[in-house]
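What follows is one structure encoded as structure tokens, with my remarks underneath.
The values are calculated or read from the model by the stated rules, or taken from the named source; none is laboratory data. Keep in mind that this is a model prediction, so the values were computed, not measured. Every residue, glycine as well, gets a Cβ built from its backbone with ideal geometry; the counts of neighbours run over all protein chains shown.
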Amino acid sequence: MNGAMFARSDARSLNEAQFADKLLTWYDTHGRKDLPWQLHQTPYRVWVSEIMLQQTQVATVIPYFERFSEAFPDVEALAAAPLDRVLHLWSGLGYYARARNLHAAAMAIVERFAAQMPRSLDLLMGLPGIGRSTAGAIRSIAFGKPAPILDGNVKRVLTRIHAIDGWSGNAPVARELWSLAEQCMSHERPADYTQAIMDLGATLCTRTSPACGICPMKDDCIARLQRCVERYPTPRPKRALPTRHTRMLIVRNADGAVLLEQRPPTGIWGGLWCFPEADPDVALSEIFREAQIDVSSNERWPHLSHTFTHFRLEIEPIVVQLAAEAPQVMEGRRCLWYKADDGHQIGLAAPVKKLLAKVGAEGALL
């Protein structure tokens, strides 16, 4: 057995006995304790914050959480709200499946659990949008029951302290990390421990430029001792993002309103309102003819790029001015004529918000 293996074994032994104590001592002095969801804490507020914090930084989440919790102060209010309203308040936060799942889970909690957040991991994980790590965070923070978590911050802390090679998306690495997360968990202060390990990753053990010199684990971190902190965690294997192309039609009527349509409830931008899309390989004249609209002018705008997790979308915006009112436009689909000052509370995809700001849309309902 080589030195690295002995070092890792020693570190594990130390972690089992002392990791939680060291972490909690640091947290008591330096941890974050005044985040909005930590004030007037309820299981509902913990749940909403944990969903919002998935793949999103705290500073970004705070204003969204405050607006969201003001509009929907409890699970009953969220369950009773129209999905459009939920998506409207989520617009700009990204990963919109989180909002759709949050809404669906709220309805399930009201219907199946009498509006009380379930406490068991299995029941929590049975709700839409709640995986093992999020369930563990809710159970430990909201109910004070020990349950490990493994979000991005925790993965980074554990892989560095133990010098664990391999991408965490690989099953053997994931199993090892979950085992470590469970071993290190404090059973005396599970809520504080969960917040503490997330804080450590978010504030000191950061992805770039970690503050190793003031980390409470600096004397036990194998990656630091071996001067290879930047090596961990092992990044996801790189792969070229495929590019897709679409054409968005910014159709304006005589009043200056623009036409929006609601996308299907699942898939990319599910449930959000977007401009009608058209095949970029089909001639505009043919598209207008098939849509049976009388166009007085059209203008091509510079392409707009939007990157998703698995592909890049190249958008060609076309501003289309109707020559006359066309009530048959997009007949049979859920559409509206949109004006920014009409107070529509609908969810808008990020590129659509950018284009609406550019066009200065003002108009009336269809």
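A compact table of results
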quantity: Qualifying residue in region 94-105 (condition: in a loop (DSSP other than H, G, I, E, B) and either buried (at least 18 other Cβ atoms within 10 Å of the Cβ) or not hydroxyl-bearing (Ser, Thr, Tyr) (or both)); calculated: yes
quantity: Selection count where residues are in contact with a helix residue (DSSP H, G or I) (Cβ under 9 Å, 6 or more places away or on another chain), among the hydrophobic types (A, V, I, L, M, F, W, C) and in a strand (DSSP E or B), scope region 252-283; calculated: 5
quantity: Candidates MET248, MET217, MET198, filtered to the one that is out of contact with any strand residue (DSSP E or B) (no Cβ under 6 Å at 6 or more places or on another chain), outside any loop (DSSP other than H, G, I, E, B), aliphatic (A, V, I, L, M) and crowded, with 16+ Cβ neighbours inside 10 Å; calculated: MET198
quantity: Failed criterion for LEU336 (all others in (1) at pLDDT 90 or above; (2) in a strand (DSSP E or B); (3) more than 22 Å from the chain's Cα centre (by Cα) hold); calculated: (1)
quantity: Within region 160-216, tally of residues that are β-branched (Val, Ile, Thr) and in contact with a helix residue (DSSP H, G or I) (Cβ under 7 Å, 6 or more places away or on another chain); calculated: 4
quantity: Any helices (runs of 4 or more DSSP H) falling wholly within region 117-162 and containing at least 2 residues that are in the same structural domain as ASP220 (by TED's automatic domain parsing) and among the polar types (S, T, N, Q); calculated: 132-143, 152-162
quantity: Residue that is among the acidic types (Asp, Glu) and surrounded by fewer than 11 Cβ atoms within 10 Å (Cβ to Cβ), where the choices are GLU286, GLU261, GLU290, GLU230; calculated: GLU290
quantity: Residue among ALA278, ALA291 that alone is farther than 30 Å from PRO237 by Cα and modelled with pLDDT of 90 or more; calculated: ALA278
quantity: Pick from region 77-93, criterion loosely packed, with under 15 Cβ neighbours inside 10 Å and farther than 20 Å from ALA357 by Cα, ranking: modelled with the lowest pLDDT; calculated: PRO82
quantity: Residue list for region 72-82, restricted to those being in a helix (DSSP H, G or I) and under 19 Å from the mean Cα position of the chain (by Cα); calculated: LEU78
quantity: Residues within region 117-141 that are touching a residue at least 60 places away in the same chain (Cβ under 8 Å) and over 18 Å from the mean Cα position of the chain (by Cα), tallied; calculated: 2
quantity: Condition broken by GLU176, with the remaining ones in (1) under 16 Å from ILE222 (Cβ atoms); (2) buried (at least 20 other Cβ atoms within 10 Å of the Cβ) satisfied; calculated: (2)
quantity: Residue check, ALA11 buried (at least 17 other Cβ atoms within 10 Å of the Cβ), closer than 28 Å to PRO190 by Cα, at pLDDT below 95 and among the aliphatic types (A, V, I, L, M); calculated: yes
quantity: Only one of ARG85, ARG98 that is over 16 Å from the mean Cα position of the chain (by Cα), of a type in the set (Lys, Arg) and within 29 Å of TYR338 (Cα to Cα); calculated: ARG85
quantity: Residue within region 36-55 that is in a helix (DSSP H, G or I), touching a residue at least 60 places away in the same chain (Cβ under 8 Å) and farther than 19 Å from GLY144 by Cα present; calculated: no
quantity: Conditions (1) outside any helix (DSSP H, G or I); (2) surrounded by 18 or more Cβ atoms within 10 Å (Cβ to Cβ); (3) on the phi < 0 side of the Ramachandran plot; number of the one not met by GLU299; calculated: (2)
